[in-house]
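*Asks:* Sharing a structure with you now.
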Amino acid sequence: MGKPVSVNPKPTVISVRVTDDQMEEIRRLMEKKKMSASDIMREAFRSFMENAEQSRMDAIRAAALKYSEARGT
C-alpha cells in the first residue's frame, strides 16, 4: 500500500555532518521528545530563526532609542 502522501511535503534534503558527541545529544533528544532526527533539526532551525529575528528587532530598538536620545526626544 505504501506511505500516505503528505499534505505538506518537504522535498528538500539537507545533509549535515556532526561529531559523535553531537549525534549522541541528538539521539538523547529523540528518545526524550519521541521525535525523529529530522523533526529535532527542524525545531532547532525554527528556534534559531526566532532568536535571529528577536536579535534583529532588539538591534533596531536599541538604534531607535539611541537616535531618540541623541535628538533629545
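The values are calculated or read from the model by the stated rules, or taken from the named source; none is laboratory data. Predicted, not measured: the structure shown is a model, and the values here were computed from it. Glycine also receives a Cβ, built like all others from the backbone with ideal geometry; neighbour counts cover every protein chain displayed.
*Asks:* For region 32-73, enumerate the residues that are under 19 Å from Q22 (Cβ atoms), exposed (fewer than 10 other Cβ atoms within 10 Å of the Cβ) and of a type in the set (G, A, S).
*Replies:* none
*Asks:* Quick test for you: out of A44, A63, pick the one residue that is more than 22 Å from N8 (Cβ to Cβ), out of contact with any helix residue (DSSP H, G or I) (no Cβ under 8 Å at 6 or more places or on another chain) and in a helix (DSSP H, G or I).
*Replies:* Matching residue, one of A44, A63: A63.
*Asks:* When you scan region 11-21, do you find a residue that is in contact with a helix residue (DSSP H, G or I) (Cβ under 7 Å, 6 or more places away or on another chain) and part of a helix (DSSP H, G or I), even just one?
*Replies:* For region 11-21, residues in contact with a helix residue (DSSP H, G or I) (Cβ under 7 Å, 6 or more places away or on another chain) and part of a helix (DSSP H, G or I): absent.
*Asks:* So V5 ticks every box in (1) in a helix (DSSP H, G or I); (2) at pLDDT below 95 but one. Which box is left unticked?
*Replies:* Here V5 clears every test but (1).
*Asks:* Mind checking which pairs have a first residue in region 11-30 that is farther than 14 Å from E43 by Cβ and a second that is β-branched (V, I, T) and surrounded by 12 or more Cβ atoms within 10 Å (Cβ to Cβ), Cβ under 9 Å, 6 or more apart or different chains?
*Replies:* The qualifying pairs are V18/I26.
*Asks:* Consider L29 carefully, then state whether it is at pLDDT 95 or above, surrounded by 10 or more Cβ atoms within 10 Å (Cβ to Cβ) and not basic (K, R).
*Replies:* It is true that L29 is at pLDDT 95 or above, surrounded by 10 or more Cβ atoms within 10 Å (Cβ to Cβ) and not basic (K, R).
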